[in-house]
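Enquirer: What follows is a single structure, and I will ask about it in a moment.
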Amino acid sequence: NPETVFLALSQALFNPWIAGILLAAVLAAIMSTVSSQLLVSSSVIAEDFWKRLLRPQAEAKELLRVGRLSVAAISIVAFLLALDRESTVLSLVAYAWAGFGAAFGPVVLFSLFWQRMTRNGALAGMIVGAATFIVWKQFSGGLFDVYEILPGFILASAAIFVVSIAGRAPSAEVLAMHASVAPR
């Protein structure tokens, strides 16, 4: 089983004490990664989503509660994903990266290389990229037998372009700021 090869080899090739230390190191790496990802996700939901978009007047106590609830919700989703015996770590990581790439890749590239991109264009790109990625994965075979990141990236880029062109151009201040930091 490719998912447990490290564990099996550690137990077969090393003294039990060394194997125990190696396995503890793997668990420590997993736990530190999980804790930092949960902390970042909680912070983004509480500060960037809840406080900035939904309730700007939210106090620290409310943000703490939102953060804790988001950690619980994310943990439940992760637990449910882990229950699927057919999935592998590699397939879950590939799925997650395709989602990130489809939703955020075009926004990052457009923000670096196209000064005309607007806030609404970026939001449209993230929504279209994420939606395309999710819907595309549900179908398979024929036209849909393409890695989800490709159609998500293309449609997100189109959404960014169309919404940015259709909307009001960025202010001169924003354009000047972009010109001062954009790669040449």
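Enquirer: May I ask you to order 126-134, 3-11 by the average number of other C-beta atoms within 10 Å around their residues, highest value first?
Expert: Output ranking for 126-134, 3-11: 126-134, 3-11.
Enquirer: Count charges around Val40 for me, please; just the other residues with Cβ under 13 Å from its Cβ, Lys/Arg as +1, Asp/Glu as -1.
Expert: That sum, taken over residues with Cβ under 13 Å, equals -2.
Enquirer: Roughly how big is the range 59-184's charge dipole about its Cα centre, with Cβ charges of +1 (Lys, Arg) and -1 (Asp, Glu), in debye to the nearest 20?
Expert: 320
Enquirer: Along the charge dipole of the range 85-184, Cβ charges K/R +1 and D/E -1, which of Val146, Ser164, Val89 sits furthest on the positive end?
Expert: Ser164
Enquirer: Still on this structure, I have one more. What whole-number distance in Å separates the alpha-carbon centres of the range 122-173 and the range 21-83?
Expert: 26
Enquirer: Still on this model: Helix-only estimate, please: 222 nm mean residue ellipticity of the chain, summing -39500 (n - 2.57) across DSSP H runs of length 4 or more and dividing by its residues, to the nearest 500.
Expert: Calculated mean residue ellipticity at 222 nm is -24500 deg cm²/dmol.
Enquirer: Moving to a separate point now. If you project the alpha carbons of the chain onto the principal axes, what extent comes out on each, in Å, largest first?
Expert: Extents along the principal axes: 67, 51, 35 Å.
Enquirer: So, one more: How much length is gained if the chain between Ala94 and Leu7 is pulled fully straight, taking 0.36 nm per residue apart and subtracting their Cα-Cα distance, in nm to one decimal?
Expert: Result for the pair: 29.1 nm of gain on full extension.
Enquirer: In the chain, which whole DSSP H runs stretch at least 24 Å along their own axis (Cα) and average 1.6 or higher on the Kyte-Doolittle scale?
Expert: 89-113, 149-166
Any read-out appearing in this document is the output of simple, stated calculations on the displayed coordinates, not a laboratory observation. Computed from a predicted structure; not experimentally measured. We place every Cβ from the backbone using ideal geometry, glycine too, and count neighbours over all the protein chains shown.
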